[in-house]
Amino acid sequence: MSDVRYPFTAIVGMADLRLGLLLNAVSPAVGGVLVRGEKGTAKSTMVRALAGLLPAIAAVDDCRFACDPATPDPQCPDGPHVSPSASERPSQLVELPVGVAEDRIVGSLDLERALAEGVKAYEPGLLARAHRGVLYIDEVNLLQDHVVDLLLDAAAMGRSYVEREGVSVRHAARFLLVGTMNPEEGELRPQLLDRFGLTVEIAATRDPAERAEVVRRRLAYDADPAGFAARFAQEERALAEHIITARELLPKVELTDVALRQITAVCAAFEVDGLRADIVMARTAVALAAWDGRTEVLEEDVRKAAQLALPHRRRRNPFDAPGLDEEQLDRTLEEHAQQEDPEPEGDGPGPDGDGGPEGGPDGGPEDGGPDGRGPDGGGPDGGGAPEPSDGGPEVSATESAGEPAQSPVPAQHPSPARESAPVAAGDPYRTRLFTVRGTGHGAQGRRSPAETTGGHTIRARRPQGALGRLHLTATLQAAAPHQAARGRSGRALVLHKDDFREQVRQGRESNLVLFVVDASGSMAARQRMTAVKGAVLSLLMDSYQRRDKIGMITFRGAGAELALPPTSSVEVGAARLESLPTGGRTPLAAGLLRAHEVLRVERLRDPNRRPLLVVVTDGRATGGRDALARSHRAAALFATQGTASVVLDCESGPVRLGLARTLAGLLGGTAVSLDELRAEGVASLVRENRPTTVRENRATTMRKAA
């Protein structure tokens, strides 16, 4: 790979991404950019190219934290800097790998000096390197949650706090935060999305001429990187100078009362949570004015700021797609373009038509006030009436097909051959927590107990293979009794390989939650399917919040279909569920066997990720000879392997056969009704799904039969 960066000005199209990055270069207080888009859209290329445009910085010589010589950090670990010598250095672009450890980010004890010299010294991390530069996180949605929280906290406070292994350090960490992600690989939680100042959605152009130009330029760059960069050198210099000019103009930009009122009114009308959106919009609008060479924020700046700062803050649940109603935005801006404050202090109402008196509210020209509030305390409520309920999972559904109750034989249940149109899911709700029994070793998440790289330290042990996270105290305790025998002299310890101990940390892991959903005719009653889909949607939301991978198998008619291969994109699962049709026979055995095969393959791909099987059915089985017996034999396969499982019992009506609960016993899992699924229901229903033995399953089945 060439060391010559691809020129920023050579990238074709993507105006919003270009603007979002440049605004943050002008005013890092905007809060960074999250770039969402499909793979192969030059997200990483553009971010790396931006670093070449940033002005060089003056930094204190020999300071590992790039302190500004004009205002050195009084808490700098390399300080104090009294009359320091300084020199210019390029702005740093620090890239954060997906699998980075926490101590690599914030820094840690310098173990080499601690063990060899007996001194406590701090080794800076990536946040220190990124100070006054760019911190770039590719595939930010794949980072572990605690790592993302740590990064965003540092970005918000402009300072890194390190309290670990006997080290207590504070240092400045102000940087331009840029994250890129492909939504198909999973979403960020709304709380984390809100911490990014701006979000830009990008997609590859569908214009053949533009695509041809992209390919042409890329081939030219690959053939001669230096020559290609030279073609755009003049444009790059002009853009870099434009950034410097806009930075100098930024403190002179005035955020008028009218513009601030429009900002707060828009945020209120779109019902965004908190006041961070108001502050970000104000800073973005000011940066837009400076970028255009103006000293006053105009309505067009407010509109563009809303388009960049609000879409990702509009999500009300994990399955909402980011977006903004342009008509509502224009209507709100027009209503508040020349409107006096709704509740003025002092004199009574009286519009003056000029957008307010001279001299706006307090606060600097960059952020429109330290607390981000408008003069009216937040603007009008602007909220429409809540949408009426469409009948969620609380509905007590009744069977539409009246089956006789004298025997649970599949042949009694006539399955309709006609396919029913998809019905909407009921409103999602908070579900109970289902976990996998035992302690796993999978990726960090929020579901089942596991040994993880995060979490809290529970004990020390001898290293198993390469030394992981050193347990310093246990290592010193192991070495201490042998110092005299080893001839120790001075402060340094004499360590042998057998002395080293590593930390064992316990947290929670994410699991593979595989849904097996009955979409046959027995589930086709509209109210019933609405309730069932609402329950599955709720479980999907729970999986999203716990950072699980999910998969979905549906069975109806002649067989089973893998509707969604295991993925981290829960949104895709919700979309597949919404469009799920119903009708036909009930090939329960085919659905279970397909699930067994999917889990077998996933164990080979990711042996540390433990599965949780969720079967959504009323327990009936039709289609072919001995359909019910075949489904029971298929269920026994999961019990033999100890797969944790839950059966969501969808049977309803006055006559119930209990087939779903029998199936749960054969699976070695637990049956839960739709009413029992809610977290606010009966206390402490199922916390752990203990795989039972085949013998226990048979005994349970015989007792029920008796």
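The set of residues in the stretch 3-23 that are within 24 Å of the chain's Cα centre (by Cα) and in a loop (DSSP other than H, G, I, E, B) contains only 14. Residues in the stretch 59-74 that are part of a strand (DSSP E or B) and open to solvent by 40 Å² or more (accessible area, probe 1.4 Å): none.
Return the only residue of 620, 630, 625, 547 being closer than 24 Å to residue 657 by Cα, touching a residue at least 40 places away in the same chain (Cβ under 8 Å), open to solvent by 10 Å² or more (accessible area, probe 1.4 Å) and assigned to a loop (DSSP other than H, G, I, E, B).
Numbers: 630 fails: assigned to a loop (DSSP other than H, G, I, E, B); 625 fails: touching a residue at least 40 places away in the same chain (Cβ under 8 Å); 547 fails: closer than 24 Å to residue 657 by Cα.
None of the other options fit; the residue is 620.
Scanning the stretch 585-605 for residues being at pLDDT below 90 and either surrounded by fewer than 24 Cβ atoms within 10 Å (Cβ to Cβ) or among the aliphatic types (A, V, I, L, M) (or both) gives a total of 0. Here is the figure for the stretch 104-134: residues that are at positive phi and either more than 34 Å from the chain's Cα centre (by Cα) or at pLDDT 85 or above (or both) total 2.
Could you name every one of the helices (runs of 4 or more DSSP H) located completely within the stretch 164-244 that has at least 1 residues being hydroxyl-bearing (Ser, Thr, Tyr)? Talk me through it step by step, then tell me what you get.
Numbers: elements: 190-193, 208-223, 225-231.
So the answer is 208-223.
Within the stretch 571-583, the residues that satisfy the criterion of being within 20 Å of residue 531 (Cβ to Cβ) and either assigned to a loop (DSSP other than H, G, I, E, B) or aliphatic (A, V, I, L, M) (or both) are 574, 575, 577, 579, 580, 581, 583. Of all the listed residues (276, 313), the sole one being at pLDDT below 85, closer than 30 Å to residue 242 by Cβ and not acidic (Asp, Glu) is 313.
Please determine whether any residue of the stretch 145-157 is without any contact (Cβ under 8 Å) to a residue 60 or more places away in the chain, under 23 Å from residue 71 (Cβ atoms), of a type outside the set (A, V, I, L, M, F, W, C) and surrounded by fewer than 21 Cβ atoms within 10 Å (Cβ to Cβ). Taking every residue of the stretch 145-157 in turn, at least one turns out to be without any contact (Cβ under 8 Å) to a residue 60 or more places away in the chain, under 23 Å from residue 71 (Cβ atoms), of a type outside the set (A, V, I, L, M, F, W, C) and surrounded by fewer than 21 Cβ atoms within 10 Å (Cβ to Cβ).
Can you go through 307, 262, 328 and tell me which one is at pLDDT below 95, farther than 30 Å from residue 52 by Cα and touching a Leu at 6+ places or on another chain (Cβ under 9 Å)? Outline the logic, then answer.
Numbers: 307 fails: farther than 30 Å from residue 52 by Cα; 328 fails: touching a Leu at 6+ places or on another chain (Cβ under 9 Å).
On inspection, the qualifying residue turns out to be 262.
Close contacts from the stretch 13-30, counting a first residue that is within 13 Å of residue 196 (Cβ to Cβ) and open to solvent by less than 40 Å² (accessible area, probe 1.4 Å) and a second that is of a type in the set (Lys, Arg) and part of a helix (DSSP H, G or I), with Cβ to Cβ under 6 Å and a gap of 6+ residues or different chains, come to 30/283. The single condition among (1) outside any loop (DSSP other than H, G, I, E, B); (2) open to solvent by 20 Å² or more (accessible area, probe 1.4 Å); (3) modelled with pLDDT under 85 that residue 79 does not meet is (1).
Can you name every residue in the stretch 502-540 that is closer than 23 Å to residue 437 by Cα, open to solvent by 10 Å² or more (accessible area, probe 1.4 Å) and in contact with a Gly (Cβ under 9 Å, 6 or more places away or on another chain)? Passing the criteria: 503, 505, 506, 507, 508. Inspect the stretch 267-276 for any residue being without any contact (Cβ under 8 Å) to a residue 24 or more places away in the chain, open to solvent by 20 Å² or more (accessible area, probe 1.4 Å) and out of contact with any Pro (no Cβ under 7 Å at 6 or more places or on another chain) and give the result as yes or no. No, the stretch 267-276 has no match at all. Is it true that residue 644 is open to solvent by 10 Å² or more (accessible area, probe 1.4 Å) and modelled with pLDDT of 90 or more? No.
I'm trying to understand the selection: among the residues of the stretch 24-58, which are under 24 Å from the mean Cα position of the chain (by Cα) and assigned to a helix (DSSP H, G or I)? Scanning the stretch 24-58 gives 24, 28, 29, 30, 43, 44, 45, 46, 47, 48.
The values are calculated or read from the model by the stated rules, or taken from the named source; none is laboratory data. These numbers were taken from a predicted model, which means no experiment stands behind them. Neighbour counts are summed over all protein chains in view; Cβ atoms, including those assigned to glycine, are modelled from backbone coordinates with ideal geometry. Just the protein is used for accessible areas: all its heavy atoms, side chains included, with ligands, DNA and RNA removed. Shrake-Rupley method; radii C 1.70, N 1.55, O 1.52, S 1.80 Å.
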